[in-house]
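Structure, as structure tokens:
The values are calculated or read from the model by the stated rules, or taken from the named source; none is laboratory data. Only a predicted model underlies this, so the values are computations on that prediction, with no experimental measurement involved. Ideal geometry is used to build each Cβ from the backbone, glycine not excepted, and the neighbour counts take in all protein chains shown.
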Amino acid sequence: MTFTERKTFIALDRSTHEFGPPSEKPLLVAGICGVVSNPFAGRHVEELEPAMKELEPLGLRLARELLDAMACSPDAIEAYGKGAIVGTAGELEHGALWHAPGGYGMRQLLGDTRAIVPSTKKVGPLGATIDIPLAHVNAAYVRSHFNTMQLQVPDAPRPDELVFCLAMATGPRIHARMGGLKANDIVGKDGLR
Amino acid sequence: MTAKIRKIITIVEDTVREMDRDVDPVTRKAAAIAIIENPCAGEFVEELEGLMRIGEELGDLLGRRAVNALGVSPKEIQSYGKAAVVGDAGELEHAAAILHPRLGKPLRAAVEKGAALVPSAKKMGAAGTPIDVPLGHKDAAYVRSHFDGMEVRIHDAPRGNEILVAVAVTDSGRPFPRVGGLTHEDAESNDGLR
């Protein structure tokens with residue numbers, strides 16, 4: 001079984017102003033999509049779990065390419081998320097293959113992050129959009145860092161392809177003012193608070 | 001402040017077959033979606049208390065609607081999620097005001113327990129913009145079989161001065177889960193994680 005890569009797609013979103021006063025620090029939210037062939041397309045394949053191991057190098061490489069594109073150090077990443085779009089000849093479960101390797105790649109790069117990597121997945125056609133949920137890397141309940149990155153590769157996924165996505169952000173939403181747990185107040189033990 | 005609702009939409013998705021195999025038991029998802037007027041559209045409003053109150057109201061309304069749409073008891077709900085799309089005259093933070101401070105509590109009441117974080121997504125968008133409502137197990141966030149999403153798209157909403165608010169629930173995980181990890185049956189569900 002092999003996941004053959006066709007392309008990598010990167011999107012960078014830098015926000016400096018959103019109503020109100022200009023933000024002191026621009027917010028950079030970025031996502032990367034790896035488009036690969038789906039070796040399980042077109043039929044029911046029972047045994048999927050071993051393929052997760054095979055995807056680990058891709059997870060690590062996409063995480064590294066994303067960080068390079070953002071031109072920032074691992075310390076600057078405050079929120080993350082992941083997702084997958086399965087081409088229409090595949091099964092939703094094929095998107096679930098990304099859970100372990102996608103998280104692994106970002107954790108390898110960002111160090112000892114404690115919070116769960118939020119995720120979503122869907123089956124979709126060429127050009128399908130996917131909304132990658134983002135949350136703080138060390139405490140899932142940090143309210144200012146709940147955010148979303150919409151990603152879309154215009155020419156993917158073809159029916160027999162998979163789009164594996166990672167997203168990262170350098171800070172809270174612009175003008176976050178919803179109270180709740182603040183990044184400064186993280187206890188940092190359980191990944192939640 | 002009470003939500004000025006233009007419409008409420010309910011979507012139910014039953015997956016009965018996948019890759020030529022019967023899904024047994026059938027996996028089921030429901031989303032309840034409200035299209036509301038954005039009281040803060042068009043200007044920078046520092047204090048978003050009104051939207052937080054609307055969030056509380058919608059957590060109850062949409063939570064109950066979605067559970068009812070599946071026709072199951074609250075305790076049979078296994079996963080949940082929430083999302084919002086803000087029309088172009090609004091600000092992303094308006095979605096945060098609805099979703100984060102107060103929507104969760106009544107939603108948890110509608111599904112019973114709900115020890116885990118309610119996964120969420122938000123964005124700015126035009127009428128017809130799709131949004132993926134992320135789904136996670138309601139009592140143990142690391143249950144791998146229940147990580148999912150439900151795409152929602154309303155053709156005529158949000159208008160510029162509106163917000164689309166969605167709540168999604170399921171009574172099941174994905175069809176044919178087989179990538180390992182923590183299962184629904186093995187989750188202890190005490191800490192919201194495992």
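Assorted remarks:
- Among the residues of segment B:117-148, those identified as within 29 Å of residue A:94 (Cβ to Cβ), part of a loop (DSSP other than H, G, I, E, B) and more than 14 Å from the chain's Cα centre (by Cα) are B:125, B:128, B:129, B:139, B:141, B:142.
- Among the residues listed as A:111, A:95, the single one being among the small types (Gly, Ala, Ser) and buried (at least 22 other Cβ atoms within 10 Å of the Cβ): A:95
- Residues in segment B:11-40 that are under 23 Å from residue B:125 (Cα atoms) and of a type in the set (Asp, Glu): B:37 only.
- Residues that are in a loop (DSSP other than H, G, I, E, B), at the interface with chain B (Cβ under 8 Å from one of its Cβ atoms) and of a type in the set (A, V, I, L, M, F, W, C) within segment A:130-145 comprise just one, A:140.
- Single residue of segment B:1-44 satisfying the filter (among the charged types (D, E, K, R) and under 30 Å from residue B:97 (Cα atoms)) that is modelled with the lowest pLDDT: B:43
- Filter pass, residue A:104 being outside any loop (DSSP other than H, G, I, E, B), away from chain B (no Cβ under 12 Å), surrounded by fewer than 24 Cβ atoms within 10 Å (Cβ to Cβ) and within 14 Å of the chain's Cα centre (by Cα): yes
- Note on segment A:28-70: residues that are within 13 Å of another protein chain (Cβ to nearest Cβ) and crowded, with 16+ Cβ neighbours inside 10 Å amount to 10.
- Complete set of residues in segment B:92-116 that are of a type outside the set (A, V, I, L, M, F, W, C) and not in a loop (DSSP other than H, G, I, E, B): B:93, B:94, B:104, B:105, B:106, B:108
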